[in-house]
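Here the structure is laid out as structure tokens; the discussion comes afterwards.
The values are calculated or read from the model by the stated rules, or taken from the named source; none is laboratory data. The shown structure was predicted, so the numbers you read here are calculated from the model rather than taken from an experiment. Cβ sites come from the backbone with ideal geometry, for glycine too, and all protein chains shown count toward neighbours.
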Amino acid sequence: MIPPEAWIGSLGEHGLWIVALASAIEGPIVSVLAAVLASKGAFDLVPLALVLLAGDLLGDLGHYLLGRRGLGRVPLPWRHRLGLGPDRTEALARHFDRHGGRTLVVAKLTHSVGAAVLVAAGLARMPVLPFLAFNLLAALPKTAALMALGWFAGDAYAQIDLWLSRGAFVLLLVLVGLGLIWMRRRPQCPQD
């Protein structure tokens with residue numbers, strides 16, 4: 001990860017266009033850092049928020065396209081090793097047909113499994129317009145919260161980055177734990 005001090009210098013020097021590119025790559029900390037600069041007068045809040053949202057959606061679309069176009073080109077034996085055989089991808093498609101919106105919003109807001117879920121949505125061939133709509137729905141409060149954190153926390157961005165990383169890791173552990181509990185408790189289908 002690029003140190004936050006390097007982001008501050010680049011963001012302040014190159015303006016909103018670099019914020020858009022950087023937020024597509026590393027959205028949360030860029031949102032915080034850009035809001036720190038906005039609090040010092042470097043950016044106006046409304047254009048900054050729009051650029052951060054656009055960059056966030058661009059990054060999401062990149063993950064989606066990786067799943068939709070990239071993983072399909074992986075040779076079948078490798079896909080089986082990754083657990084992405086035809087049965088699994090069909091089950092994934094059914095899941096995104098029924099629960100795609102909810103899955104995307106939860107993944108985006110929790111931040112810890114977001115990239116994997118975005119790629120899975122592409123692999124499941126979720127239609128792109130609902131994909132973008134649900135991601136925008138989740139990105140609005142997330143971006144607002146990160147900007148508020150940057151605006152009010154000021155120069156504590158290094159500590160905020162550490163909190164975001166640790167918080168995402170703890171949340172990931174909780175989600176994995178809950179998933180394991182759910183898998184142990186659900187009824188098993190008899191095998192022929």
> If we scan segment 78-92, do we find a residue that is among the hydroxyl-bearing types (Ser, Thr, Tyr) and under 25 Å from PRO141 (Cβ atoms)?
Replying inline: no
> Which pairs have Cβ atoms under 8 Å, sit 6 or more apart or on different chains, and link a residue in segment 129-141 that is within 12 Å of LYS108 (Cα to Cα) and free of Cβ contacts under 8 Å to residues at least 40 places away in the same chain to one that is β-branched (Val, Ile, Thr) and part of a helix (DSSP H, G or I)?
Replying inline: PHE134/VAL105; LEU137/VAL105; ALA138/VAL105
>> Six or more apart or on different chains, Cβ atoms under 8 Å: show the pairs whose first residue is in segment 35-57 and touching a residue at least 60 places away in the same chain (Cβ under 8 Å) and whose second is part of a helix (DSSP H, G or I) and β-branched (Val, Ile, Thr).
In response: VAL36/ILE8; LEU48/VAL19; ALA49/THR143; LEU52/VAL19; LEU52/VAL30; LEU52/THR143; LEU53/THR143; ASP56/THR143
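If you check ASP155 against the conditions, is it at pLDDT below 70, acidic (Asp, Glu) and either over 25 Å from GLU26 (Cβ atoms) or not in a helix (DSSP H, G or I) (or both)?
Against the criterion (at pLDDT below 70, acidic (Asp, Glu) and either over 25 Å from GLU26 (Cβ atoms) or not in a helix (DSSP H, G or I) (or both)), ASP155 qualifies.
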> What is the one condition in (1) modelled with pLDDT under 90; (2) surrounded by 18 or more Cβ atoms within 10 Å (Cβ to Cβ); (3) under 23 Å from ALA34 (Cα atoms) that ARG166 does not satisfy?
Replying inline: (2)
> Which residues, counting only those in segment 1-60, are aliphatic (A, V, I, L, M), at pLDDT below 80 and either part of a helix (DSSP H, G or I) or more than 16 Å from TRP151 (Cβ to Cβ) (or both)?
Replying inline: MET1, ILE2, ALA6, ILE8, LEU11
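Are any residues in segment 121-142 assigned to a helix (DSSP H, G or I), of a type in the set (A, V, I, L, M, F, W, C) and touching a Gly at 6+ places or on another chain (Cβ under 6 Å), and if so, which ones?
Within segment 121-142, LEU123, PHE134 qualify.
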